[in-house]
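Right, one structure below, let's go through it.
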């Protein structure tokens, strides 16, 4: 089978300031579709000679995904280089122009000359639809390879890769309809997870891993044609990993929590100190979240912890603002304040400063409460490592997992208060 | 000046499951050292032909950093390919062997045959010291380029890049200082921004654009050697774009807001409905944020808007929860509640449901207050387009910008309450 090659174009992808996530996204999609991983990845600057050089070299692979340089600014050179490379004139593509016009109209913006540049393509190009932005992508074929040119903006690139490029490669390469299942696993580091799955000696199915975020990993099981093989493998993984598996439907942890709360007619509210709203924003990512999310407090000062959440001042003084007692009281306080079935309290030291010998940077207490008394609250003490950002992300993922546990009937939640 | 090129080797860097952070680290170090960013990045599989092909092609750049494939397992092919490429025998290097022995002794592990493989190098190779692991790196010179071969393990790669490779390139290239300046611009779409900058006819300097997030764009001005050219161009852009420029230091909008609040000794608190904590998490990204951020409320229900923030029930009933009046009252309520200099209130319809003819999806009211009475509050009505996620991101960026404006003395803030 011909190989898939990846080229990204732009000074910014070489400067080291932006992590280029488009490649890993595309590679994950390619593998999930049952195709072989890309054979090569190249990043080049906004430089005509270097871009054309990369296109020429990539032709030896059968499929080439090119990303970036399709924008309206003068440093966007991809379309012009493509025309040169294919030996065709650069022309305004009517379909692409129509797309640019419609997209701008929706955004209530005028069509500028620079926008019209985004419709300029090699004469033989076929437009690749872009539902997420103004720039149109396009596809061109040489004798030896099919080239897909996509914008570098991640949400546009990703939608077009999933919606058009990967299915097109599958169709062209005659891949049989493949079967795929994604198992969501929480709480096991990637290397250990891979080792555990390897020991299960799953046969025939291809296994790959996608890190959704630290400790939240999607195990993707695929097979060229047989859904039974894939289903059995998913069952095996679920059985062996037990509670660490939160979903076999491809849903993320946040989506799974939302589904469970909706199904069980439960509501949740939060009190976030070190995570400062990240949990709330995760819980409200999907539309209709007001059905299960009632509100939150970000009590950065001790006073607001007692004023808004009823955490006793003497508990804060005796145990410290970062303590199990305060986390529990925060959970109970927000539950009461927002009249929710489940309350969550998070307090910790995200760093880099603020740590002590007893409570070093990365110490985080997370409490959930589902019953009626503070004594019903469940609290975990966690010691996360790494940057401020990483500590906050870990805390939020763990809190989501704990909300899922709190929603189990044995944990005191019986009937949801929510009227649906 | 000769360019710097980057090659990473290994099936795992192409599978999409691991994000390859070595490149962005190296690029960052290179730029920080005043050298020009890498000219190209290539990732290839564990395949002899493809590795040699990449080495050959990279030779046209003066410096080549090669990463990965130096380990003890059979799929580590880099040293053998290097020997082939340089036309030299592969030999056990005594210095490298000594390094492997010492490193393993420290870890209390025996020397296995597979470890000895790690000392095999092209005959002319110079060892690059590795303080963090067993594998030794090495350097080889061809007529046209210097090649640095480093292990792929991030902590080893990073230590060797910073400790040896970048200083060596600096020394050899007798580097003139590469000059770079980043101007942060808010509120102008990329295409329009590029058109405006183009009209300024900035000469000599290279201009590129990095989209930090929608409507927050970094204009990067660079020149091979002259900081004056770069400085003048930055001044010109700042003068022409006026209030849209929020920083000439490379700081993001969130970082700039934090700096201004710290400098002026001001505090801020938030009340976020549709953005549900995203603004708070943006404001608390950096350490020490408790100096200027006092807290927040996420009032998802109307009751919590009145209970926690004192928004009058009849205002909510008459004007609707999504209205300028409610946004102003939320800003004033959180300012009072958290005793902050500036209060921010956000209420809107993020979608995809919930819109009406009068208030369609994407309608967002953002209010800031810096004075003492609700009448001092400034409120903007915005009509954002796109997905729920996009509406929320746009709202947060706009709110950050409005906090910056509220921190101007003319807007009622005179002396910060914060004790520093």
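Bear in mind these aren't lab numbers, they're just calculated from the coordinates by the rules spelled out. Just so you know, these numbers come straight off a predicted model, no measurement behind them. Neighbour counts are summed over all protein chains in view; Cβ atoms, including those assigned to glycine, are modelled from backbone coordinates with ideal geometry.
For chain A, modelled as a GNM with alpha-carbon contacts under 10 angstrom, which of A:102, A:294, A:161 fluctuates the most?
Of A:102, A:294, A:161, the most mobile in the Gaussian network model is A:102.
Take peptide B:31-40, look around each residue's Cβ out to 10 angstrom, count Cβ atoms belonging to other protein chains, and average those counts.
For peptide B:31-40, the averaged partner shielding equals 4.
Take A:209, B:292, A:148 and order them by how many other Cβ atoms sit within 10 Å, fewest up front.
A:209, A:148, B:292
Rounded to the nearest 5, what % of DSSP beta bridges with both residues in the protein assembly as shown are antiparallel?
Working: 88 of 136 bridges.
Close to 65 percent.
Taking neighbour Cβ counts within 10 Å as the exposure measure, how do A:366, B:369 sort from fewest upward?
Ordered by Cβ neighbours within 10 Å, fewest first: A:366, B:369.
Specify the angular offset, from 0 to 90 degrees and rounded to the nearest 10, of the alpha carbon long axis of helix A:190-199 from the longest principal axis of the alpha carbons in chain A.
80
Before rounding to the nearest 500, sum -39500 (n - 2.57) across all DSSP H runs of length at least 4 in chain A and divide by the residue total; then give [θ] at 222 nm in deg cm²/dmol.
-11000 deg cm²/dmol
By its C-alpha gyration tensor, with a ≥ b ≥ c as the square roots of the eigenvalues, how is the stretch A:255-418 shaped: rounded for a/c under 1.5, else prolate for a/b larger than b/c, else oblate?
Details: a/c = 1.84, a/b = 1.40, b/c = 1.31.
Verdict is prolate for the stretch A:255-418.
Answer rounded, prolate or oblate for the stretch B:150-223, using the Cα gyration tensor with square roots of eigenvalues a ≥ b ≥ c: rounded when a/c is under 1.5, else prolate when a/b is larger than b/c, else oblate.
Oblate.
Just to be sure I understand: with springs between alpha-carbon atoms less than 10 Å apart, which residue in B:242, B:348, B:34 has the highest mean-square fluctuation in the Gaussian network model of chain B?
B:242
Classify chain A as rounded, prolate or oblate, taking a ≥ b ≥ c as the square roots of the eigenvalues of its Cα gyration tensor: rounded when a/c is under 1.5, otherwise prolate if a/b is larger than b/c and oblate if not.
prolate
Within 10 Å of each Cβ in peptide A:265-275, how many partner chain Cβ atoms are there on average? Round it to a whole number, please.
The shielding value for this peptide is 2.
What whole-number distance in Å separates the alpha-carbon centres of the stretch B:257-329 and the stretch A:1-57?
42
Taking neighbour counts of Cβ atoms within 10 Å as a proxy for exposure, in what order, fewest first, do B:190, B:29, A:95 appear?
Least to most surrounded, the residues fall as A:95, B:29, B:190.
How far, in degrees from 0 to 90, does helix A:253-264 lean away from the longest principal axis of the Cα atoms of chain A, to the nearest 10?
60
Anyone know which of B:239, B:106, B:228 comes out most mobile in the 10 Å Cα GNM of chain B?
In this elastic network of chain B, the residue with the biggest mean-square fluctuation among B:239, B:106, B:228 is B:106.
Taking 8 Å as the Cα distance limit and 6 or more residues as the minimum spacing, I'd like the relative contact order of chain B as a percentage.
Value for chain B: 11 percent.
Can you give the angle from 0 to 90° between the axis of helix A:22-32 and the longest principal axis of chain A, with both taken from C-alpha atoms, to the nearest 10?
That works out to roughly 90 degrees.
For peptide B:200-210, compute the average count of partner chain beta-carbon atoms within 10 Å of each residue's beta-carbon.
So the per-residue partner count for this stretch is 3.
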